[in-house]
Amino acid sequence: MANLQAILAYQEIDRKMFALEREISESAERKAYLRLRKYMEGAQDKLDSLEAKAASLKTEAVELTKKYLATEETLKDFENLDELVENGGADIEFYKKKANSVLEKMRKIKADLASLEKRIKETDEEYKALKQEVKGKQKDYKEASEKFNAYKATKEATKKEIDGELKAASVGVEEEVLTRYKTKRKEKIFPVFGAINLGRCPFCSMEPPIAEISKLKGGGTIECEHCHRVLYGE
Ligand SMILES: [Zn+2]
């Protein structure tokens with residue numbers, strides 16, 4: 001099958017491209033760059049969440065302050081307590097108890113507010129410290145990014161050369177086959193095409209069903225259900 005030979009020849013050239021891509025992907029330059037990028041992204045997420053936390057704590061504090069003032073307002077009801085008792089003969093113990101419970105409520109709100117303020121301060125401090133840390137890493141990140149770009153630039157000529165070879169080799173490949181190949185390749189599958197070996201996938205050793213294998217007669221291809229590579233007859 002002429003077309004198969006063409007894509008296999010193409011695949012052989014592509015082997016060099018795959019190796020080059022792997023070399024770049026596994027380079028120390030890329031790893032250093034990715035490590036810092038991950039740190040920067042994580043730090044930004046953390047800063048955002050600290051900011052949101054601080055805002056919500058501050059809203060809580062405003063609400064609690066309002067509650068405190070409203071509670072304090074009810075104390076006014078007890079200002080004329082002496083009059084109430086004298087004129088109406090009301091039970092002074094009852095009012096005393098009531099006033100005390102209001103005071104108790106105020107004390108409780110005040111304690112809650114204090115702990116809330118402490119948490120706001122801690123959140124602010126954590127935010128500032130992280131912001132400072134990020135600032136320090138920014139230079140490293142920029143350097144790592146430049147280093148990685150410079151490293152990639154050194155591979156550019158080789159890449160172009162292989163690209164040219166691939167382009168030349170693609171001329172003999174049927175459009176549909178090439179598209180199929182490139183789609184697989186984008187999914188990081190390599191090699192894409194392989195000859196079935198003693199009824200098994202040569203890449204993952206899976207045994208395709210007999211019905212599938214029969215499709216290989218006459219030059220057909222099938223896809224391995226396990227590793228999704230394209231298989232052709234022996
Ligand atoms: Zn397979």
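Just so it is clear, none of the values below were taken in a lab; they were calculated from the coordinates. Keep in mind it's a predicted model, so treat the numbers as computed, not measured. Virtual Cβ from ideal backbone geometry, glycine too; neighbours counted across all protein chains shown.
What does the net charge come to around Phe18 if you take all other residues with beta carbon closer than 14 Å to its beta carbon, with K and R at +1 and D and E at -1?
Neighbourhood net charge equals +3.
Fewest to most neighbouring Cβ within 10 Å: what's the order for Asp124, Asp45?
Values: Asp124 15, Asp45 10.
Ordered from fewest to most neighbouring Cβ atoms within 10 Å, Asp124, Asp45 come out as Asp45, Asp124.
What's the FRET efficiency of Met206 with Met40 using the Cβ-Cβ distance as r and R₀ = 41 Å, to the nearest 0.05?
Working: r = 41 Å, r/R0 = 1.01.
Plugging the Cβ-Cβ distance into 1/(1 + (r/R0)^6) gives 0.50.
Modelling each spin label as a point 7 Å along the Cα-to-Cβ direction, I'd like the Lys66/Gln138 distance in nm, to one decimal.
3.8
Can you sort Arg37, Arg185 by how many other beta carbons sit within 10 Å, fewest first?
Details: Arg37 14, Arg185 17.
By the 10 Å Cβ count, ascending, the order reads Arg37, Arg185.
When the chain is treated as a GNM, springs tying every alpha-carbon pair under 10 Å, which of Phe193, Phe78, Phe148 comes out with the largest mean-square fluctuation?
Phe78
Can you give me the distance in nm between label points at Ala9 and Glu174, each placed 7 Å from the Cα along the Cα-to-Cβ direction?
1.7
So for Cys201, Cys227, fewest C-beta neighbours within 10 Å to most, what's the order? Please list the in-between numbers first.
Numbers: Cys201 21, Cys227 15.
If I rank by nearby Cβ atoms, fewest first, I get Cys227, Cys201.
Is the chain rounded, prolate or oblate when judged by the Cα gyration tensor, a ≥ b ≥ c being the square roots of its eigenvalues, rounded requiring a/c under 1.5 and prolate requiring a/b larger than b/c?
Prolate is the answer for the chain, as a/c is 1.5 or above and a/b outweighs b/c.
Any idea what % of Cα-Cα pairs in the stretch 109-214 are farther than 18 Å?
Values: 4270 of 5565 pairs.
When all Cα pairs of the stretch 109-214 are counted, 77 percent exceed 18 Å.
Lys and Arg at +1, Asp and Glu at -1: add these up for the other residues within a Cβ distance under 11 Å of Ala150 and post the number.
-1
Could you calculate the FRET efficiency of Lys53 with Glu234 from 1/(1 + (r/R0)^6), where r is the beta carbon distance between them and R0 is 45 Å, rounded to 0.05?
Details: r = 64 Å, r/R0 = 1.41.
For Lys53 and Glu234, the calculated efficiency is 0.10.
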